[in-house]
Amino acid sequence: MSVSSSGSAAYSGSLEDSNAQRGLWSSRLAFILAATGSAVGLGNIWKFPYVTGENGGGAFVLVYLLCIAIIGIPIMMAEVMIGRRGGHSPVNSIKAIAQRDGLNPAWKLVGAVGILAGFLILSFYSVIGGWAISYVGTTASGQLSGQTADAVGAIFSGLLSNPGTLLLWHTVFMALVMLVVAKGVRSGLERAVSILMPALFVLLLIVVGYAMTTGHFGQAAAFLFQPDFSKLTTSGVLVALGHAFFTLSLGMAVMMAYGSYLPKKISIAKTSITVSVIDTGVALLAGLAIFPIVFANGLEPGAGPGLIFQTLPLAFGQMPMGSLFGTLFFVLLIFAAWTSGISLLEPIVEWLEEQKGMNRTVSTLGAGVVCWALGIASILSLNLWADFAPLGFIPMLEGKTIFDLLDFFTANILLPLGGLLVALMAGWVMSKPAMEKELALSPGTFNLWFVTVRFITPIAVGVVFIYNLM
Ligand code: PHE
């Protein structure tokens, strides 16, 4: 499976059968692995639990699940379909479809939104990836065993207060991502996903097993699955929507890029549902692993981005063979973050190659180093600039550091916007017969999908946006 060999660079305007000239996924499984590698990452294990905690639990989880089901899956199908039909990198796929269906070439904007979003997300994603790297050492050294919640919290605060250490691990993470993107060989790593992801799943199950012994499992399950709508705010709905896009890697044309390698005979709907179900399963397991520990130790569910780093180490410090499991867990988390990080950097590198004629190494170095430098602003937001809220004069952005702003602007604005454009393109302008052929669904299922991307997604995203602006 040669996903990154850029057949797209050879884009010549000949449109039909373009897939025949490119490396196709060897199987449906290969696509699922790559798409899952992108989707399952820090979003599931780091972000889902902490945004759930901050937004009061059950009602937020319900909205998030609804967003996955009625917005996420249809958009993922649309992205994969556009990619497969276009048969090139996202920008050129859209160009190709625009030519064939007589659309305005300005739809390329979808690709531009994606490129910008990926670049901005990676800048802070890499900082959090760095936290995971640092915790491999913390768990392996055994210093967590038998520690109290306060001591574990102090270890984490110690990490955040030290810009030098954060910079070191951020650099290591970014270098790992750049290395794979520059080499253009992802196949090894993607094959590794087929072993590492199930392993991550098993380790999460082990932590869930430990969490059951804390005596607070029922309370955690109730927190996650018993909706209390009085705790749900409009901004919570926006966060749930944004997180659905973030966690499924949508609105960024990543699935479009991967879809361009999917063989024609494979069902787009089944594959998209499989990826989404795996992704959601990992997030819910992470929630079930973390919240019992939160309640058992009297911690604060709304503790914010540090939540998993203040809870999981406690579990690893207390369970039998905790140092071993903990070390393994953080190593696997790094792999999950790595495969996602690659898919964040890929779009901008591909764009520099195709549009600016740079070679892969130069474009990876250029984009990676600028992204790394931007990451320094996120690092400083955690310590020296912790009180600096550049857009604090806007009520909605009050108290948000640069790190918070990057997260907010990408996940809650850019990704839903990218998704909205994809929905509008599929729902309103692309050739319907061509889409019917590409998706190969029964007429009833096709219409269900079509009505969703034509009306439901744009209205839902529009309403959530407008409510939040008001
Ligand atoms: N889905 C990844 C995660 O949950 C993050 C990501 C977002 C990756 C957008 C690619 C594109 O960690």
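Being surrounded by fewer than 18 Cβ atoms within 10 Å (Cβ to Cβ) and free of Cβ contacts under 8 Å to residues at least 40 places away in the same chain narrows it down to one of Ala386, Ala434, so name that one.
Numbers: Ala434 fails: free of Cβ contacts under 8 Å to residues at least 40 places away in the same chain.
Step by step, each of Ala386, Ala434 is checked, and only Ala386 is surrounded by fewer than 18 Cβ atoms within 10 Å (Cβ to Cβ) and free of Cβ contacts under 8 Å to residues at least 40 places away in the same chain.
List, please: which pairs have Cβ atoms under 6 Å, are six or more places apart or on different chains, and start with a residue in segment 243-266 that is farther than 17 Å from Gly72 by Cα and in contact (Cβ under 8 Å) with a residue 12 or more places away in the chain and end with one that is assigned to a loop (DSSP other than H, G, I, E, B) and within 16 Å of the ligand (Cβ to nearest atom)?
Between residues of segment 243-266 that are farther than 17 Å from Gly72 by Cα and in contact (Cβ under 8 Å) with a residue 12 or more places away in the chain and residues that are assigned to a loop (DSSP other than H, G, I, E, B) and within 16 Å of the ligand (Cβ to nearest atom), the close pairs are Tyr261/Val3.
From Ala151, Ala112, Ala117, which residue is without any contact (Cβ under 8 Å) to a residue 40 or more places away in the chain and within 27 Å of Leu344 (Cα to Cα)?
Numbers: Ala151 fails: within 27 Å of Leu344 (Cα to Cα); Ala117 fails: without any contact (Cβ under 8 Å) to a residue 40 or more places away in the chain.
Selected residue: Ala112, the only one of Ala151, Ala112, Ala117 that is without any contact (Cβ under 8 Å) to a residue 40 or more places away in the chain and within 27 Å of Leu344 (Cα to Cα).
Going through Gly326, Gly341, Gly281 one at a time, which residue ends up being within 14 Å of the ligand (Cβ to nearest atom) and under 20 Å from Pro198 (Cβ atoms)? Even if it seems obvious, please write down each step before you answer.
Details: Gly326 fails: within 14 Å of the ligand (Cβ to nearest atom); Gly341 fails: under 20 Å from Pro198 (Cβ atoms).
Going through Gly326, Gly341, Gly281 in turn, just one is within 14 Å of the ligand (Cβ to nearest atom) and under 20 Å from Pro198 (Cβ atoms): Gly281.
Do we find a residue being of a type outside the set (Asp, Glu), crowded, with 22+ Cβ neighbours inside 10 Å, modelled with pLDDT under 95 and in a helix (DSSP H, G or I) anywhere in segment 49-62?
no
Residue by residue through segment 237-251, note down the ones that are within 9 Å of the ligand (Cβ to nearest atom) and touching a Pro at 6+ places or on another chain (Cβ under 7 Å). Steps first, answer last, please.
Step one: list which residues in segment 237-251 are within 9 Å of the ligand (Cβ to nearest atom), which gives 243, 245-251.
Those that are within 9 Å of the ligand (Cβ to nearest atom) and touching a Pro at 6+ places or on another chain (Cβ under 7 Å): Phe245, Gly251.
Under 8 Å between Cβ atoms, which residue pairs at least 6 apart in sequence (or on different chains) link something in segment 33-52 that is more than 27 Å from Gln310 (Cβ to Cβ) and more than 6 Å from the ligand (Cβ to nearest atom) with a partner that is outside any helix (DSSP H, G or I) and not aliphatic (A, V, I, L, M)?
Partner pairs satisfying both residue conditions: Ala34/Trp25; Ala34/Arg186; Ala35/Ser249.
Check Pro305 against each of (1) farther than 24 Å from Leu33 by Cα; (2) within 16 Å of the ligand (Cβ to nearest atom); (3) surrounded by 24 or more Cβ atoms within 10 Å (Cβ to Cβ) and name the one condition it does not meet.
All conditions are met except number (3).
The values are calculated or read from the model by the stated rules, or taken from the named source; none is laboratory data. Note that the structure is a prediction, hence the values are computed from the model and not measured. Cβ sites come from the backbone with ideal geometry, for glycine too, and all protein chains shown count toward neighbours.
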